[in-house]
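All remarks here apply to the structure that follows.
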Amino acid sequence: METLYPYKLQIIETIVLLVLMVIVKLISRKAVGRILTRWELDLQRKKISQKIINLFIILTAILILAGIWNIHQDQLMVFVTSVITILGIAFFAQWSIISNVTASLILFFNHPLRIGEEIQILDKEFSVKGRLEDISFFFMHIRSEDGELITIPNNLALQKMIQTRKIS
């Protein structure tokens, strides 16, 4: 009978681990709720705290699963370095062309900016004020009161506060 189910023990251990993981997540959710209520902290902090705890629970479960399924250290290291490389590329993309294209789509669909409006990009060091002429894939084009054309990268504009005023 053992030859029919060579991974029977690993499957049972995996199921037990998943059940324990769910129980620990539920207990941690209640504990975080009680602690943050006692300290009178807001809901946003509760969500962030719970996400961090869930991350640690998942990482611990992955390491335990690697032990249950006898994954060799060299295989685990290949996986970990691959994930770190992908994360590094994703964080680097913040400053790349892809981030400008993504920011232009966000500005176009989800921001109340409209072409022809008077806008002011509020910045501590250099505020820009003028009429929004265009939002291209890479830049916002703003015509200042002096008639100068100012171009701002979309990803930078997305990070700043923007004040709008419709021109009548």
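Mind sorting Lys8, Lys124 by how few other Cβ atoms lie within 10 Å of their own Cβ, fewest first?
Lys124, Lys8
Listing Lys46, Lys30 from the residue with the fewest other Cβ atoms within 10 Å to the one with the most, what is the order?
Lys30, Lys46
Using only Cα atoms, figure out Rg for the chain and give it as a multiple of 2.2 N^0.38 Å.
For the chain, the normalised Cα radius of gyration is 1.65.
Can you tell me, using C-alpha contacts under 8 Å and at least 6 residues apart, the relative contact order of the stretch 100-165 as a whole percent?
Worked out over the stretch 100-165, it gives 36 percent.
Could you tally the net charge around Ile57, taking each other residue with its Cβ under 12 Å from the Cβ of Ile57, Lys/Arg +1 and Asp/Glu -1?
+3
Averaged over all directions, how much area does the convex hull of the C-alpha atoms of the stretch 8-71 cover when projected, in nm²?
Spelled out: convex hull of the Cα atoms, projected over all directions, averaged, 4.3 nm².
Based on the alpha carbon coordinates of the stretch 100-165, what radius of gyration and maximum Cα-Cα distance (Dmax) apply, in Å?
Rg then Dmax for the stretch 100-165, in Å: 10.6, 30.
No lab work stands behind these numbers, since they all come straight from the coordinates. This is a predicted model, so every value here is computed, not measured. Neighbour counts are summed over all protein chains in view; Cβ atoms, including those assigned to glycine, are modelled from backbone coordinates with ideal geometry.
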